[in-house]
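Reviewing the structure listed below.
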Amino acid sequence: MTSFHASADLSELGLLFMVGLPGLTLDEYSLHLIQKYGINNFIYFKRNVESPEQLKQLSKDLRRACRDNGLPSPLIAIDQEGGSVARLPPPFTQFPDARILADSEKPEKALMDYARVCSRELKGIGVNYNLAPVVDVCEAGKEYFMERRSLGGDAKNVGRLGALVIQEMQANAIAACAKHFPGLGAAVVDPHFQLPIVTKAESAIRSDDLPPFRQAINIGVASIMTSHTIYQHLDPENPATLSKKILTGLLRNELGYEGVVITDDLEMGAIAKGGDLGHAALQAFVAGADLLLICQSHEKIIDAFQKTAAAIRANPELAIRMRESLERVNRMRQKFARE
């Protein structure tokens, strides 16, 4: 390990980034991120998938590269919700959207089968972290873009079904992720492309959207993903991903969540169109995020790393924040990423 390690306080900063890989193998650019910046959390997309054997080898190579560079065993993530958001083609099991499973004759059995089979297949390719389930509460028939991915329009039922998925996955050694805090169900536009604005009253958010997250917290969900959405009556100025009021004030202080907070992809249009991604990553960290997710551009990953490092050097309070985030991520890693 070289370069930035001259500053002992920053020697573990790379453990708070999760990054995408460009192709089917461990390439020199991704290896550079491991070697120079100490980054050891990764996410797979369809571009990384050829076969179960190839994925198993890629995971093995990532673990070896981390070990060779003195880093802990990596968190290796994927979005395998089923249906419209699934990265693994056949021969991996193909599941329908969560809404279909939740509306089936025996939703509990259907969702637990999904969680069990999915966990087994992910473990088989060296993945230890599934960015699922969606616990956004989304009414049907209102043209909300999350409808197919949501478990339903009733907060209590979404919380109950989401908890089953979380418990089953984590019982099978796969870290789960409840998303997208504080609830994306009422968003009309897709944050992959533009910034949604939710105009729901705070009281309605608390009664309609927060209960599934409370339930996930109560059963020990490993992580919660943030929403790239402005909630006019929670913080009119910042999307939740960049909002200290929402991530620290509401999620940490009020709801008492002590697990990992991961951002949604900071390269999505809702954030990237706002300007400087490196600054956005720093703002998300200051707001309370533990894992900063950047899925494509290695140039932007390095810029985000450098801006965050500079801010931590200049601000002792941020150095304390970094230590708190490292402790949370390391607890999750010890539970789910041990070799």
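Observations on the model:
- Nearest-20 debye value, segment 253-324 charge dipole, Cβ charges on Lys, Arg, Asp, Glu: 260
- Solvent-accessible area assigned to carbon and sulfur over segment 8-83 amounts to 48 percent, based on a 1.4 Å probe.
- Residue pairs, from the table 123/244; 56/307; 142/300; 142/179; 156/244; 123/245, whose Cα atoms sit over 29 Å apart: 123/244; 56/307; 142/300; 123/245
- On a per residue basis, segment 182-260 carries 40 Å² of accessible surface, using protein heavy atoms and a 1.4 Å probe.
- For segment 97-147 versus segment 263-336, the spacing of their alpha-carbon centroids is 27 Å.
- By accessible area, using a 1.4 Å probe on protein heavy atoms only, segment 137-252 has 49% of its surface on carbon and sulfur.
- A simple rule links phi to the HN-Hα coupling: the Karplus curve 6.51 cos²θ - 1.76 cosθ + 1.60 with θ = phi - 60°, which for segment 260-267 gives 7, 9, 10, 6, 5, 4, 6, 8 Hz, with x for Gly and Pro.
- Shape of the chain, Cα gyration tensor, a/c cut at 1.5: oblate
- Size of charge dipole - the chain - debye, nearest 20, with Cβ of Lys, Arg +1 and Asp, Glu -1, no other charges: 720
- Dipole check for segment 50-186: with +1 at the C-beta of Lys and Arg, -1 at the C-beta of Asp and Glu, and the Cα centre as origin, the magnitude is about 460 Debye.
- GluC sites (Glu not before Pro) within segment 1-98, DSSP loop, no more than 15 other Cβ atoms inside 10 Å: 50
- Heavy atoms of the protein chains alone define the surface here; on that basis segment 37-169 has 40 Å² accessible area per residue at 1.4 Å probe size.
- Neighbour-limited loop hits for trypsin sites (Lys or Arg not before Pro), segment 211-293 (at most 16 other Cβ within 10 Å; DSSP other than H, G, I, E, B): 273
The values are calculated or read from the model by the stated rules, or taken from the named source; none is laboratory data. Remember, it's a predicted structure, so these values are computed and weren't measured experimentally. In this analysis, Cβ positions are derived from the backbone assuming ideal geometry, glycine residues included, and neighbour counts consider all displayed protein chains. The protein model used for the area step is the full one, side chains on, heavy atoms only, and it has no ligands, DNA or RNA in it. Shrake-Rupley method; radii C 1.70, N 1.55, O 1.52, S 1.80 Å.
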